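The values are calculated or read from the model by the stated rules, or taken from the named source; none is laboratory data. This one's a predicted model, so the numbers in the text were calculated from it and none came from an experiment. Neighbour counts are summed over all protein chains in view; Cβ atoms, including those assigned to glycine, are modelled from backbone coordinates with ideal geometry. Just the protein is used for accessible areas: all its heavy atoms, side chains included, with ligands, DNA and RNA removed. Shrake-Rupley method; radii C 1.70, N 1.55, O 1.52, S 1.80 Å.
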Amino acid sequence: IRCWSNIPFITVPLSRAHGKSFAHRSELKHAKRIVVKLGSAVVTRGDECGLALGRLASIVEQVSMLQNQGREMMIVTSGAVAFGKQRLRHEILLSQSVRQALHSGQSQLKDMAIPVLEARACAAAGQSGLMALYEAMFTQYSICAAQILVTNLDFHDEQKRRNLNGTLHELLRMNIVPIINTNDAVVPPPEPNSDLQGVNVISVKDNDSLAARLAVEMKTDLLIVLSDVEGLFDSPPGSDDAKLIDIFYPGDQQSVTFGTKSRVGMGGMEAKVKAALWALQGGTSVVIANGTHPKISGHVITDIVEGKKVGTFFSEVKPAGPTVEQQAEMARAGGRTLAALQPEQRAEIIYRLADLLTDQREEILLANKKDLEEAENKGRLALPLLKRLSLSTSKLNSLAIGLRQIAASSQDSVGRVIRRTRIAKDLDLEQVTVPIGVLLVIFESRPDCLPQVSALAIASGNGLLLKGGKEAAHSNQILHHLTQEALSIHGVRDAVQLVNTREEVEDLCRLDKLIDLIIPRGSSQLVRNIQKAAKGIPVMGHSEGICHVYVDTDASVEKVTRIIRDSKCEYPAACNALETLLIHRDLLRTPLFDQIIDMLRVEQVKIHAGPKFASYLTFSPSEVKSLRTEYGDLECCIEVVDSVQEAVEHIHKYGSSHTDVIITENEKTAEFFLQHVDSACVFWNASTRFSDGYRFGLGAEVGISTSRIHARGPVGIEGLLTTKWLLRGNNHVVSDFSEHGSMKYLHESLPLPQRNAS
């Protein structure tokens with residue numbers, strides 16, 4: 001039993017067990033009954049006279065979309081006073097101006113005084129127009145809307161409350177959107193705020209309290225409160241240290257400073273929070289968000305329902321561990337401490353991690369076995385992804401060898417001087433390598449990525465956030481534990497963090513103030529999604545691995561089949577596997593061509609014919625749907641070209657700038673190919689599979705980049721560093737170097753210090 005102003009009200013379960021709010025944002029997509037509260041600042045224009053029609057139309061579109069998904073939507077709206085004010089001002093101007101316009105001309109109209117309009121009169125004049133506007137907008141989506149006006153007195157009368165409850169339920173049953181507002185034409189003056197001190201009683205004195213009361217009365221799943229601020233902040237919004245509070249828990253209000261209320265409307269943020277907490281305890285989840293921001297208002301409601309990080313989410317369940325924002329801050333602090341260590345200390349951490357990978361092999365493989373069994377039982381992973389998920393003794397041994405390579409090569413990575421210039425006497429400039437900051441690495445189905453990336457981050461002094469796929473949860477957990485154990489020998493355990501919360505990848509990509517670089521490791525679809533979602537954060541990686549092998553007329557018979565077999569069949573799911581085989585036209589119907597086809601058939605490679613290749617055949621294999629396809633399996637496309645120049649043009653048109661190969665004995669042709677193909681990796685008489693950080697001697701890689709800025713190809717330690725400038729002077733000022741100054745620029749290059757011999 002829940003009390004409403006001392007009147008008992010018995011709650012009855014609806015579509016889900018009511019009485020307990022959603023614990024996590026990700027659960028909001030299950031919300032069936034939703035109340036959207038539109039604050040005055042959302043509905044009205046900036047001049048407070050008239051409605052923000054574009055914003056309102058967007059909100060109606062979102063509500064209609066959710067309603068048509070089968071949800072039950074209700075709107076608590078402001079705006080009647082503003083709409084009425086606009087109408088009454090127009091009427092007053094019209095009535096006052098007719099005679100004056102006839103006698104005095106139009107010039108005096110601009111100076112005409114508008115009397116102060118009483119709010120109740122404005123509400124009376126605006127209610128019908130506001131509702132007519134809503135009806136017209138909802139009609140565009142074949143949705144009917146109904147108006148309900150209430151006052152606080154309606155909730156104190158038990159019969160009226162029951163009538164209201166029954167009316168709303170009947171409207172929802174008929175798929176009608178109720179539009180509810182306080183009856184501002186007759187509403188009494190606001191009462192003291194005393195009743196909001198408790199949670200059993202709440203008076204309707206503004207639309208915030210009305211929305212909260214209706215939300216619990218109607219046992220709604222979600223209350224969305226839209227205002228002109230992003231949500232709750234831990235200090236006044238706009239101040240230097242203000243941070244948006246992602247999740248607000250009961251009891252946290254002591255840590256929040258409330259500012260003034262919005263430019264219009266009855267309730268300020270403090271009233272919103274009290275109403276939200278009251279609704280939360282009544283079993284309704286609440287989100288307070290910005291409904292006026294032009295970049296997000298067009299999808300703010302649907303984003304909230306989809307569980308995206310928008311505004312402040314009110315929850316009664318505190319997570320067991322730190323939030324992802326706290327983890328990012330811990331990684332930054334830990335990374336700075338890591339960068340300050342001696343190179344030998346960072347190397348010692350990596351050596352220790354390499355030892356742990358072999359010493360704890362049984363525990364790692366046991367955890368990996370759990371992941372494999374769960375993946376096979378659920379049947380959600382394709383065979384190539386299952387192969388990536390699998391760990392073995394040989395994989396762990398190779399990992400350990402790679403980590404030791406990283407440790408050995410990292411001695412002078414951070415703080416290395418790459419340029420020295422004497423600007424003037426006693427004024428020396430240095431450019432030195434420094435870590436990028438905090439890296440976010442998102443990876444799928446490949447737990448071996450975790451120690452590789454961790455070692456590279458440690459060697460380069462970067463803080464690291466890791467987001468692995470849930471299919472590798474057990475493997476990632478133990479590998480991260482071992483990583484932190486290795487970091488602990490020098491007190492930098494927090495430098496590498498594993499994100500275990502229910503954070504959506506898209507939400508992580510919005511943490512532009514906490515993350516400096518995103519590195520995706522996974523499918524081309526994952527990389528594309530991250531590149532699309534990243535807001536203000538650089539993304540290093542490649543969305544596709546469409547690798548080509550071109551067989552020239554002067555190719556060696558012995559080399560051709562070996563290189564093609566290795567490029568396609570050694571690990572077809574890899575991003576550096578062959579996807580398109582280009583063959584010179586003169587090789588068609590030759591013994592070499594027959595050998596290539598026979599080898600592919602023996603290896604059970606499915607062949608797709610390119611348009612030109614298909615035109616040469618009477619009975620051709622299935623014609624390729626697109627020449628820009630990454631198969632990731634035992635499939636490839638064969639296409640015919642007339643020359644090395646045409647091969648280069650084909651690669652530029654259909655390739656992904658990853659890895660491309662020429663097989664030929666003609667050095668001149670090979671050099672033309674090497675110089676003209678604009679890809680991250682270009683090889684001559686070698687398998688595409690060599691495009692790998694370990695095989696390049698980098699120890700490991702965080703990924704392969706096809707971008708043209710900063711790092712390209714397999715990215716090792718060097719790709720995770722940037723630079724800063726250090727200027728050492730002695731009372732130098734720029735004015736000394738002016739035309740009549742006493743000093744002259746020298747700009748002399750100075751020798752670099754000797755690099756570590758090891």
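Screening the candidates LEU588, LEU526 for the property of being of a type outside the set (D, E, K, R) and surrounded by 15 or more Cβ atoms within 10 Å (Cβ to Cβ) yields one hit, LEU526. Entry remark, segment 689-717: residues being open to solvent by 60 Å² or more (accessible area, probe 1.4 Å) and in a loop (DSSP other than H, G, I, E, B) number 7 in total. So, of the residues in segment 652-679 that are surrounded by 19 or more Cβ atoms within 10 Å (Cβ to Cβ) and touching a Phe, Trp or Tyr at 6+ places or on another chain (Cβ under 8 Å), which turns out to be farthest from THR553 (Cα to Cα)? Looking at residues that are surrounded by 19 or more Cβ atoms within 10 Å (Cβ to Cβ) and touching a Phe, Trp or Tyr at 6+ places or on another chain (Cβ under 8 Å), I get THR659. Filtered by the rule that a residue be outside any strand (DSSP E or B) and open to solvent by 10 Å² or more (accessible area, probe 1.4 Å), segment 428-447 gives ILE436, GLY437, GLU444, ARG446.
Scanning segment 312-326 for residues that are of a type outside the set (Asp, Glu), in contact (Cβ under 8 Å) with a residue 60 or more places away in the chain and open to solvent by 10 Å² or more (accessible area, probe 1.4 Å) turns up VAL317, LYS318, PRO319, GLY321, THR323. Test ALA686 against the criterion of being in contact (Cβ under 8 Å) with a residue 40 or more places away in the chain, assigned to a loop (DSSP other than H, G, I, E, B) and more than 24 Å from PRO447 (Cβ to Cβ), and give yes or no. So ALA686 passes the test. Scanning segment 508-538 for residues that are touching a Ser or Thr at 6+ places or on another chain (Cβ under 8 Å) and not in a loop (DSSP other than H, G, I, E, B), we see that the one that is nearest to LEU674 (Cα to Cα) is SER524. Among all positions in segment 338-346, there is no residue which is in contact (Cβ under 8 Å) with a residue 40 or more places away in the chain and within 25 Å of the chain's Cα centre (by Cα).
Condition check ((1) open to solvent by 40 Å² or more (accessible area, probe 1.4 Å); (2) among the polar types (S, T, N, Q); (3) without any contact (Cβ under 8 Å) to a residue 12 or more places away in the chain; (4) in contact with a helix residue (DSSP H, G or I) (Cβ under 7 Å, 6 or more places away or on another chain)) across all residues:
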| residue | (1), (2), (3), (4) |
| --- | --- |
| GLU373 | yes, no, yes, no |
| ASN377 | yes, yes, yes, no |
| LEU385 | yes, no, no, no |
| LEU389 | no, no, no, yes |
| THR393 | yes, yes, no, yes |
| SER398 | yes, yes, no, no |
| ALA408 | yes, no, no, no |
| ASP412 | no, no, no, yes |
| GLY415 | yes, no, no, no |
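Filtering segment 56-96 to residues that are assigned to a helix (DSSP H, G or I), without any contact (Cβ under 8 Å) to a residue 40 or more places away in the chain and surrounded by fewer than 16 Cβ atoms within 10 Å (Cβ to Cβ) leaves HIS90, GLU91, ILE92, LEU93, LEU94, SER95, GLN96.
The number of residues in segment 342-361 being open to solvent by 30 Å² or more (accessible area, probe 1.4 Å) and either outside the structural domain of ASP507 (by the TED database) or hydrophobic (A, V, I, L, M, F, W, C) (or both) comes to 0. Within segment 569-592, residues that are more than 14 Å from SER687 (Cβ to Cβ) have Cβ atoms under 7 Å from residues that are surrounded by 21 or more Cβ atoms within 10 Å (Cβ to Cβ) and acidic (Asp, Glu) in these pairs: THR580/GLU639; LEU582/GLU639; HIS584/ASP552, counting only partners at least 6 apart in sequence or on another chain. Considering segment 114-233, the qualifying helices (runs of 4 or more DSSP H), each wholly inside and each with 3 or more residues that are modelled with pLDDT of 90 or more and surrounded by 22 or more Cβ atoms within 10 Å (Cβ to Cβ), run over 207-217.
Looking at segment 505-514, can you tell me whether even one residue there is in contact with an Asp or Glu (Cβ under 8 Å, 6 or more places away or on another chain), charged (D, E, K, R) and closer than 18 Å to LEU440 by Cα? No - not one qualifying residue is present in segment 505-514. Checking ALA375, ALA339, ALA354 one by one, the residue that is in contact with a Lys or Arg (Cβ under 9 Å, 6 or more places away or on another chain), among the small types (Gly, Ala, Ser), assigned to a helix (DSSP H, G or I) and within 19 Å of ARG446 (Cβ to Cβ) is ALA354 and no other.
The numbered conditions (1) open to solvent by 30 Å² or more (accessible area, probe 1.4 Å); (2) farther than 29 Å from GLY334 by Cα; (3) modelled with pLDDT of 95 or more; (4) not polar (S, T, N, Q) are all true for ILE423 except (1). Scan segment 453-475 for residues that are in contact with a Leu (Cβ under 7 Å, 6 or more places away or on another chain) and open to solvent by 10 Å² or more (accessible area, probe 1.4 Å) and jot them down. Once the filter is applied, which keeps residues that are in contact with a Leu (Cβ under 7 Å, 6 or more places away or on another chain) and open to solvent by 10 Å² or more (accessible area, probe 1.4 Å), segment 453-475 yields LYS467, GLY468, GLU471. The residue that is nearest to LEU450 (Cα to Cα), counting only those in segment 723-739 that are open to solvent by 60 Å² or more (accessible area, probe 1.4 Å) and under 35 Å from the mean Cα position of the chain (by Cα), is LYS724.
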